[in-house]
Structures are given as structure tokens and as C-alpha cells.
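Here it is, the structure, as C-alpha cells.
Here, each number is a calculation from the coordinates, and none is a lab measurement. What you see is a predicted model, and the numbers here were worked out from it, not measured in a lab. Backbone-built Cβ (ideal geometry, glycine too); neighbour counts: all protein chains shown.
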Amino acid sequence: MKKPARHRADESRHRILQAAIHEFSEHGLAGARTSSIAAAARVNKALLYYYFRDKEALYAAALEEVAEKVAQSALAVLEMACTPGERMLRFALQHFDRIVSQQGFQALMQQEMIRFREGRGNALRILAQTAFEPMFRRAQAIAEEGIRSGELCDVDWMQMIYAALGANVFYFLSAPMMHMMGAGDPLELAAVAARRRAAIEFLGQSIFVDRRQGARLAKRVLAAMPLPETWSPEKKTA
């Protein structure tokens, strides 16, 4: 049966966006070629420009597409029916796994941050308001709820979030330097698995008033959220 025209159009737009995410993450806005995106999406360039007026608009749409998925998956974790402390652990582990498995998003965000600092882009500001602020505010509410209930340590809530997420970012950013310093390859499968486990176990010991409860919850979260299957030693992120 032939698919309705609207369905075919949605599929074409989706393929274009997925191809654009890959092309922009590999080559940046300046180096990306719309002809390559059209070929990968199995459409002609005329159709690409039918959906997106120019390469800049396609870039912004690709960035928004992947950022919204990231924010939605994080919000799903933050809305789970469990204690605030367990949600914070799950949020931190989901963030670690997102860095591992969604390398296209990481590359796009790094490029856009550079463009924003140079005054060459406004997509980052839009994403902050539409995708990341709701996620951040929900994480704030959960941290404050855990502090009020006595489950989490009575400390600055923002520092708690920095501790939960910042260590993940630093691990991957510092990986090349650590490798050159002779600390092994932090991006090998065994090293990544060990670090994600250590990160959650550390949080269980550092942000919970009752460390035994924190250790139990860390163990539960790690068992419930295995390392993404998309990771392999050949698919390293930077």
C-alpha cells in the first residue's frame, strides 16, 4: 500500500535531519556540504531547500532536533517514581551514557559553543531556553526536594548538580591528556565501564546523608541502567 503524502514528507524530513546531524557533527557548519546531506538522505537538493531555506536553517533545525531528544530523555529520568536521591543518581548516569552514545550531539554542541563565543550563532541561546532550561529547573527542584527531606546533604543545590554532571564532562575532555600521561586509554571499553561505575558509587557516598542508603541506591541504579550497547572501543568520543 502506498504511504500517504504527508507520511512520506515526514519521512523525508526526518532522513534529511539525521543526515544533517551526521554531516554537521563531522565537518561543522562551514565544512558541511548540502549535496552530501541530500545524498545521504536519498533526496534531491531541491527538496532539501523546500524544507529548509538555507544551510544555516538546516543546521539550526538539526541542532534543535538532537537537543530536544536529549532533554526529553533526561526529563523522563527526572520524572521517575523514586526518591529524589535515586533520581539524581539516574540523572548523572544517563548524562554519562549520553556522552558515550550520542557523539553527534556532543560534537554539535561543542561547535555551537565556539560559534556563540565568536558571535556567529544564536542557536545556543534558543536551545538553552527551549530545551535545557526545563531540564535544569527540574533537576534543581529534585535536588532541593532531596535536601528538604533529609535524604541528600544540605549543601548548595547547584554544586550538587555540578558534581553530578561536571565529573562526566571532565572525564571525556581530559581523556587524550590522560592517555598521553601514561594513564592507559580512558576511552577503552573496560575503562569507560569502570569510570561510570565509580562515578555513581562516588555520588552515592558524597551527596547522601545516609551513605549506606546511597551505596544501595548506586548499586540498584547501575544494575538497572547497563552501559549502552552503542558503545564500542572503535566508537570513541572526545
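So the label point goes 7 Å from the Cα of Asp210 along Cα→C-beta, right? Which residues of region 139-153 then have their backbone N under 16 Å from it?
Answer for this model: 146-153.
How many nm separate the modelled label positions at Phe136 and Lys45, each set 7 Å beyond the Cα in the direction of the Cβ?
Reported label-point gap for Phe136 and Lys45 is 3.9 nm.
Give the angle, between 0 and 90 degrees and rounded to the nearest 10, that separates the Cα long axis of helix 211-224 from the longest principal axis of the Cα atoms of the chain.
Approximately 30 degrees, to the nearest ten.
Spelling out what I want: for every residue of region 166-172, take phi, set θ = phi - 60°, compute 6.51 cos²θ - 1.76 cosθ + 1.60 (Karplus), and round to whole Hz; glycine and proline get x.
x, 5, 4, 4, 4, 4, 6
Counting other Cβ atoms within 10 Å of each Cβ, which GluC sites (Glu not before Pro) in region 110-163 have at most 11 and sit in a DSSP loop? Numbers along the way, then the final one.
Details: sites: Glu112, Glu118, Glu144, Glu145, Glu151; in loops: Glu118, Glu151.
The qualifying sites are Glu118.
Under 14 Å from a point placed 7 Å out from the Cα of Glu229 along the Cα-to-Cβ direction: which residues of region 62-79 have their backbone N that close?
Flagged as within label range: none.
Counting other C-beta atoms within 10 Å, which of Met181, Met113, Met160, Met135 has the fewest, and how do the rest follow? Could you put the intermediate results ahead of the total?
Working: Met181 9, Met113 12, Met160 23, Met135 18.
The fewest-first ordering by Cβ neighbours comes to Met181, Met113, Met135, Met160.
Further, regarding this structure: Given the C-alpha centroids of region 175-197 and region 47-126, what is the distance between them in whole angstrom?
Using only Cα atoms to place each centre, the spacing works out to 25 Å.
Further, regarding this structure: As a footprinting exposure proxy, order Tyr51, Tyr171, Tyr162 by other Cβ within 10 Å, with the fewest listed first.
Ascending number of Cβ neighbours within 10 Å: Tyr162, Tyr51, Tyr171.
Now, a different point. Can you work out D for the chain in µm² s⁻¹ from Stokes-Einstein, where Rh is the Kirkwood radius over C-alpha pairs, the temperature is 4 °C and the viscosity is 1.567 mPa s?
66
Can you bin region 119-238 into rounded, prolate or oblate? Criterion: square roots of the alpha carbon gyration tensor eigenvalues sorted a ≥ b ≥ c, rounded for a/c under 1.5, prolate for a/b above b/c, oblate for the rest.
It comes out oblate by the Cα gyration axes.
From the phi angles alone, apply the Karplus equation (6.51, -1.76, 1.60; θ = phi - 60°) to region 148-159 and give each ³J(HN,Hα) in whole Hz, x where the residue is Gly or Pro.
4, 6, x, 6, 9, 4, 7, 10, 4, 5, 5, 5
I would also like to ask the following. For the chain, find the longest principal axis of its Cα atoms and tell me its angle to the long axis of helix 84-101, 0 to 90°, nearest 10.
Tilt relative to the chain: about 40 degrees.
Using amide H atoms built 1.01 Å from N in the peptide plane, name the residues 5+ places from Phe208, or on other chains, whose amide H lies under 5 Å from its own.
So Phe208 has HN proximity to Cys153.
Which whole-angstrom value gives the distance between the alpha carbon centres of region 8-29 and region 140-164?
38
Please give the net charge around Ala61, taking every other residue with its beta carbon less than 12 angstrom from that of Ala61, where Lys and Arg add +1 and Asp and Glu add -1. Provide the component values of the computation, followed by the final result.
Details: positive: Arg13, Arg53, Lys55; negative: Asp54, Glu56, Glu64, Glu65, Glu68.
Spelling it out: positives minus negatives among the neighbours equals -2.
Another question about this same structure. Scanning the chain for trypsin sites (Lys or Arg not before Pro) in DSSP loops with at most 16 other Cβ atoms within 10 Å, what's the longest stretch left with none?
The segment 121-234 is the longest one with no such site.
Using θ = phi - 60° and the Karplus relation 6.51 cos²θ - 1.76 cosθ + 1.60, list the HN-Hα couplings for region 56-63 in order, rounded to whole Hz, with x at every Gly or Pro.
4, 5, 5, 4, 4, 5, 5, 5
Right, next: What FRET efficiency comes out for Met178 versus Arg53 if R0 is 35 angstrom and r is the Cβ-Cβ distance? Round to the nearest 0.05.
With a Förster radius of 35 Å, E is 0.20.
Grab the Cα-Cα distance for Met158 and Leu189, subtract it from 0.36 nm times how many residues apart they are, and report the gain in nm with one decimal.
Using 0.36 nm per residue and subtracting the Cα-Cα distance, I get 8.1 nm.
For region 205-225, list residues with backbone N below 18 Å from a point placed 7 Å from the Cα of Arg197 toward its Cβ?
205, 215-225
By count of other Cβ within 10 Å, fewest leading, how are Ile147, Ile114, Ile207 ordered? Numbers along the way, then the final one.
Details: Ile147 19, Ile114 13, Ile207 24.
If I rank by nearby Cβ atoms, fewest first, I get Ile114, Ile147, Ile207.
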